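Visitor: I'd like to ask some things about the structure below.
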Amino acid sequence: MAKFSSIFAAFLAVSSIQSANAFTPAKLAHSSVKTSLNVAAAESTFTSLDEYLLSKKAPIEAALEASVKSRIPQTDKICESMAYSLLAGGKRIRPVLCIAACEMFGGSQETAMPTAVALEMIHTMRLIHD
């Protein structure tokens, strides 16, 4: 559980920095952004964060694909359209954060997966409709 809470805390610290370029080691050392992470700790956490993100991506992709399977012929076209947009790829940060939060509090990936899939569906819908 400590591993997930440190990953989650590191992600939140990074996401609070406005510019993606602001998190280079040289800029972080001189940045006015106050964080409790030092550069060496941040770099080691990001290696494990990358590993964690990659370990969750395949199960998320499988759950997303299963969620848009047509079960009756009348929904074939709409499910195909939804799958085209939903399965176009991406980082899947939102569902990973949902799973990480659940695991941090003792839950399982299986428990969080329906909510994680719903978050990704909402995100995809908002991208389409904006």
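Visitor: Cβ-Cβ distance below 6 Å, separation of 6 or more or different chains: which pairs start in the stretch 42-55 with a residue that is under 19 Å from residue 90 (Cα atoms) and at pLDDT 85 or above and end on one that is part of a helix (DSSP H, G or I) and of a type in the set (Val, Ile, Thr)?
Guide: What qualifies is 49/7; 52/7; 53/96.
Visitor: Looking only at the stretch 59-72, filter to residues that are open to solvent by less than 40 Å² (accessible area, probe 1.4 Å) and β-branched (Val, Ile, Thr); which one of those is nearest to residue 114 (Cα to Cα)?
Guide: 60
Visitor: Hey, another quick one. May I ask you to list the residues in the stretch 77-100 that are open to solvent by 30 Å² or more (accessible area, probe 1.4 Å) and either under 23 Å from residue 51 (Cα atoms) or hydrophobic (A, V, I, L, M, F, W, C) (or both)? If you could, list the steps in order and put the result at the bottom.
Guide: So the first thing to find is which residues in the stretch 77-100 are open to solvent by 30 Å² or more (accessible area, probe 1.4 Å), and the list is 77-78, 80-82, 84-85, 87-91, 93-94, 97.
Matches in the stretch 77-100: 78, 82, 87, 88, 89, 90, 91, 93, 94, 97.
Visitor: Okay, next question. Are any residues in the stretch 101-130 open to solvent by 30 Å² or more (accessible area, probe 1.4 Å) and closer than 12 Å to residue 85 by Cβ, and if so, which ones?
Guide: 121, 123, 125, 126, 127, 128, 129
Visitor: Test residue 56 against the criterion of being surrounded by fewer than 17 Cβ atoms within 10 Å (Cβ to Cβ), out of contact with any Pro (no Cβ under 6 Å at 6 or more places or on another chain), among the basic types (Lys, Arg) and in a helix (DSSP H, G or I), and give yes or no.
Guide: Details: surrounded by fewer than 17 Cβ atoms within 10 Å (Cβ to Cβ): no; out of contact with any Pro (no Cβ under 6 Å at 6 or more places or on another chain): yes; among the basic types (Lys, Arg): yes; in a helix (DSSP H, G or I): yes.
Taking the combined requirement at face value, the residue does not satisfy it.
Visitor: Filter the stretch 72-130 for residues that are in a helix (DSSP H, G or I), within 14 Å of the chain's Cα centre (by Cα) and small (Gly, Ala, Ser) and give the result.
Guide: Those that are in a helix (DSSP H, G or I), within 14 Å of the chain's Cα centre (by Cα) and small (Gly, Ala, Ser): 100, 101, 112, 116, 118.
The values are calculated or read from the model by the stated rules, or taken from the named source; none is laboratory data. Treat the numbers as computed from the prediction; the structure is a model and nothing was measured. Please note: Cβ atoms are built from the backbone with ideal geometry, for glycine as well, and neighbour counts cover all protein chains shown. Calculation scope for accessible area: heavy atoms of the full protein, side chains included, ligands and nucleic acids excluded. Shrake-Rupley method; radii C 1.70, N 1.55, O 1.52, S 1.80 Å.
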